[in-house]
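The values are calculated or read from the model by the stated rules, or taken from the named source; none is laboratory data. None of the values given here were measured: they were computed from a predicted structure. Note that we place each Cβ from the backbone using ideal geometry, even for glycine, and neighbour counts take in every protein chain shown.
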Amino acid sequence: MWKSDGTSAGTQLVKDLYPGAESSNILLPTLFNDLYVFTAAHQSIQRYIWKSDGTSAGTVILKDHQGNGITSTEHIAVLKTN
């Protein structure tokens with residue numbers, strides 16, 4: 001996962017979500033408070049929901065599905081609770 005201010009000098013790797021040759025294929029980045037919530041693919045099949053505060057330490061899987069990732073995602077919605 002990368003972050004950027006729009007310049008080459010201001011572009012940096014935050015975290016390699018799944019180290020190796022394959023891309024993490026990040027989809028559905030959604031801003032929630034000061035966090036980004038998104039999905040990322042593991043081994044091109046299963047998707048997991050992640051959150052990030054823009055730091056490596058603060059970029060983690062939001063929910064561990066214990067090896068059973070999501071196979072299809074279309075939307076991430078932010079819902080207000082009272």
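Does region 17-31 hold any residues that are surrounded by 12 or more Cβ atoms within 10 Å (Cβ to Cβ) and either part of a loop (DSSP other than H, G, I, E, B) or of a type outside the set (Ser, Thr, Tyr) (or both), and which are they?
Matches in region 17-31: Leu17, Tyr18, Ser24, Asn25, Ile26, Leu27, Leu28, Pro29.
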Taking Asp16 as the residue in question, decide whether it is modelled with pLDDT of 90 or more and out of contact with any Phe, Trp or Tyr (no Cβ under 9 Å at 6 or more places or on another chain).
-> yes
Among the residues of region 36-65, the number that are at pLDDT 85 or above, of a type in the set (A, V, I, L, M, F, W, C) and surrounded by fewer than 16 Cβ atoms within 10 Å (Cβ to Cβ) is 3
